[in-house]
Amino acid sequence: MNAFAAWKHKPVNWAGFYLMSPLFPGGGLADVQQPTLWLGPFCGMPACQIIASVPGKGVCADASAILPPKPICVGRTDEYPGHIACDSQSQSEIVVPMMVSRNKLSAKCQDALSGIGPPELIRAWAGRGDQEEIIVGVLDIDCTQPNGFDQEDIDALQDLTRKVTSACDWLV
């Protein structure tokens, strides 16, 4: 799976994006009781399709729900509280929050972030941040060796997520 030259010696076994449920057309908001991440594009074994975006529910959940937003680099996934093991071969993981400027979201989503609008939409966006930048999802990458990621990876992946989020249209 790993053809990325910079990680030639990193046994990456899974990489993908999870996005906040309101960003998906027909995001099933009627049943939303808490913010959720939905699986977006990925490469690797089948993964969890929906993850509660609340602290303590795993690495992706923590990276999408704990403020201020920051990447989470886990050296040993089996030691991380609440870790969700989608692939038993994954030994380490890095998750980087994806941030966008609030004004890049639709007026409906901006209102929900301010507590205005349908209750299900307000719940879906709860806790994403009340500053200028809002968490819209995460980039998640797994490795089959312990301590598979370092500060250089964190920096490069933060730069990558900034490029991805700035190139996308978030007006849903």
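Every read-out reported here was derived from the displayed coordinates using simple, explicitly stated rules and does not represent laboratory data. All values derive from a computational prediction rather than experimental measurement. Here Cβ is always computed from backbone atoms with ideal geometry, including for glycine, and neighbour counts include all displayed protein chains.
Arrange Met99, Met45 by Cβ neighbour counts within 10 Å, fewest through most, would you? Write down the numbers at each step before the final one.
Working: Met99 20, Met45 14.
Listed from fewest to most nearby Cβ atoms, that is Met45, Met99.
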**OP:** Bin width 5 Å, alpha-carbon pairs only: give the P(r) of the chain as whole percents, running from 0 to the bin holding the largest distance.
**Re:** 1, 9, 18, 22, 20, 13, 9, 5, 1, 0
Original post:
Residue farthest toward the positive end of the dipole of segment 11-167, with Cβ of Lys/Arg at +1 and Asp/Glu at -1: which of Trp125, Asn147, Ser92?
Top reply: Trp125
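Sorting check: for 102-115, 60-73, which peptide has the highest mean count of neighbouring beta carbons within 10 Å, and how do the rest follow? Working shown, then result.
Working: 102-115: 16.1, 60-73: 20.6.
Top to bottom by mean Cβ count within 10 Å: 60-73, 102-115.
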Original post:
In a shell of Cβ-Cβ distance under 10 Å around Gly75, excluding Gly75 itself, what net charge do Lys and Arg (+1) and Asp and Glu (-1) give?
Top reply: -2
**OP:** Would you mind checking the tilt of helix 151-167 against the longest principal axis of the Cα atoms of the chain, expressed as 0 to 90 degrees and rounded to 10?
**Re:** 40
Original post:
Near Cys143, within a Cβ-to-Cβ distance under 10 Å, what is the net charge of the other residues, with Lys and Arg +1 and Asp and Glu -1?
Top reply: -2
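Taking the Cα centre of segment 36-172 as origin, sum charge times position over the Cβ atoms of Lys and Arg (+1) and Asp and Glu (-1), and report the length of that vector in debye to the nearest 20.
Numbers: 10 positive and 18 negative charges, 109 e Å.
Taking the Cα centre of segment 36-172 as origin, the dipole is about 520 debye.
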